[in-house]
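Asks: Before anything else, here's the structure in question.
Read-outs: derived from the displayed coordinates by stated rules, not from any lab. Keep in mind that this is a model prediction, so the values were computed, not measured. Glycine also receives a Cβ, built like all others from the backbone with ideal geometry; neighbour counts cover every protein chain displayed.
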Amino acid sequence: MFRGDYKFLLMTMGLRGATCDYACIWCNIHKLQQWDMTKDLDFYNTGDMKRTLQEIKDFHKSGTYDWTSLIGSDKKKLLHLLPTQLESRDILFPETKETVIKIWRDFESLYHVINSDRKENENLPLDVLQKSKEFVKLFCSFGGSRVGYNKACVTP
């Protein structure tokens with residue numbers, strides 16, 4: 001039996017979060033059709049609606065994943081390269097550009113601290129707490145002046 005929370009199950013199936021167009025792990029129903037309760041249960045488990053093991057295998061072999069979460073080395077690469085890319089391009093508001101770049105650099109630093117070996121740093125829990133507080137304070141420093149940088153966007 002395969003068990004886990006819904007986000008984990010979606011990721012293992014190569015799907016995005018619960019709000020994506022086709023977020024059901026059992027069938028291929030579009031999110032705009034999920035409200036329709038007139039269909040019989042068999043409707044979702046037969047024909048084109050049913051997800052099959054072959055479909056999942058083919059999807060994974062294609063190398064085309066529909067994930068919103070980066071994994072492994074891709075996450076590390078993004079965290080390392082993004083600040084430099086943001087600096088070199090004219091895509092951020094000039095008045096907040098430096099702070100946004102610092103947010104990403106600080107996040108990379110926090111990521112490395114979180115993933116460091118506790119045997120090498122007995123103060124690791126306190127270091128993580130301190131860096132997390134600093135990060136959240138900087139992240140929320142825009143005070144609503146920039147979309148996406150507010151307290152409601154901070155997640156565990």
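Asks: With the crude spin-label approximation of a point 7 Å out along Cα→Cβ, what separation in nm comes out for Val147 versus Asn115?
Replies: 3.0 nm
Asks: Set the Förster radius R0 to 30 Å, insert the Cβ-Cβ distance between Lys39 and Ser73 as r into 1/(1 + (r/R0)^6), and round the FRET efficiency to 0.05.
Replies: 0.10
Asks: Here's a follow-up. Which FRET efficiency, nearest 0.05, do Thr52 and Lys31 yield, Cβ-Cβ r, R0 30 Å? Walk me through the numbers before you get to the answer.
Replies: On the way: r = 20 Å, r/R0 = 0.68.
Result of the calculation: an efficiency of 0.90.
Asks: Next question, about the same structure. Which order do Cys140, Cys24 fall in if you start with the one that has the fewest other Cβ atoms within 10 Å? Each step should come with its number before you reach the end.
Replies: Working: Cys140 15, Cys24 18.
Lowest count first: Cys140, Cys24.
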